[in-house]
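Report on the structure given below.
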Amino acid sequence: MDKASDSASIAELLDERRHLLKVACSILGTGTGAEAESVIAETYRQWYELPDPARARIATPRSWLARLVGSICSADASAFVLDDPFRTAPVAVAEGQADPDCTELAGHARRSLRARRSRPATPQQHDAVVRTVRLACATGDAPLLASLLAHDVTAVFDGGGKVRALTEPVHGHLEVAHSLLTLLAPRPGTTLHTHSVNGSTGIVARYDHRVAAVIILDIAGPHVVQAWVTLNPDKLRSWNRPTAETGKPGRS
């Protein structure tokens, strides 16, 4: 896996997706939101079908993807067979629920569960670790973040083929710290908050007031042993429904 070509901040990933949708809509015409979404899904599917070395040679993925969008929109056939390009949905966060459903990730989940059972963290300890992780990510403090991660920690990133996210789990405290800090890098409009997810404290990242990522952390003792990062906009839809009180998307 080439991690560099798919390592980007939330701001970059969402700005890229918005740009591609604008390109598709401008070619297809007005009233084609659903068709434009299909074009974007097909565009990312073809991106992920590229061999890792080929993706690594693309200096500006956004420009390459925009050209591909134009090519797909201009094709004679405009019907796409859309599917998860990885044949898996690692993490589903709908109404705050996590649902890992492939063999490899189930194995990670079982190991994480064993670690948490052998070194149980109280709710107060869990909350304290998550809040410190949020602080480390918000301030870009790599040493602090790495110190909070178990040496054999694993992070899973679920983009669902809808954003340019890492496609394979990342292993090791230094590697996971780097991946999280790259994704959550401070940018104008990006904010990080702690929020209850699955009944425990998790991290919610917003960009331009919309929920862009939900992060669930499995904790054993004082360390994070597993991180589940949901970036798939389809799975974050419930988090971005306007609230009756504010009319703005997302849960506060």
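Considering only residues that are under 14 Å from residue 205 (Cα atoms), in contact (Cβ under 8 Å) with a residue 24 or more places away in the chain and either in contact with a helix residue (DSSP H, G or I) (Cβ under 9 Å, 6 or more places away or on another chain) or surrounded by 17 or more Cβ atoms within 10 Å (Cβ to Cβ) (or both), which ones fall in the stretch 121-135? Explain how you work it out, then say what you get.
From the stretch 121-135, those under 14 Å from residue 205 (Cα atoms) are 130-131, 133-135; that's our starting set.
Checking which are in contact (Cβ under 8 Å) with a residue 24 or more places away in the chain leaves us with 130-131, 133-134.
Scanning the stretch 121-135 gives 130, 133, 134.
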May I ask you to list the residues in the stretch 26-62 that are more than 22 Å from the chain's Cα centre (by Cα) and not small (Gly, Ala, Ser)? 27, 28, 30, 32, 35, 53, 57
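Results for (1) within 18 Å of the chain's Cα centre (by Cα); (2) modelled with pLDDT of 90 or more; (3) not charged (D, E, K, R), shown as yes or no for each residue.
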residue	(1), (2), (3)
130	yes, yes, yes
144	no, yes, yes
148	no, yes, yes
153	yes, yes, yes
157	yes, yes, yes
175	yes, yes, no
178	yes, yes, yes
181	yes, yes, yes
202	yes, yes, yes
Determine the pairs where a residue that is small (Gly, Ala, Ser), located within the stretch 54-82, has a partner that is at pLDDT 85 or above and assigned to a helix (DSSP H, G or I) with Cβ atoms under 6 Å apart, the partner being 6 or more residues away or on another chain. 66/23
With (1) in contact (Cβ under 8 Å) with a residue 60 or more places away in the chain; (2) in contact with a helix residue (DSSP H, G or I) (Cβ under 8 Å, 6 or more places away or on another chain) as the list, and residue 174 as the residue in question, which single condition is left unmet? (1)
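The values are calculated or read from the model by the stated rules, or taken from the named source; none is laboratory data. Being a predicted model, the structure only gives us computed values, none of them experimental. Every residue, glycine as well, gets a Cβ built from its backbone with ideal geometry; the counts of neighbours run over all protein chains shown.
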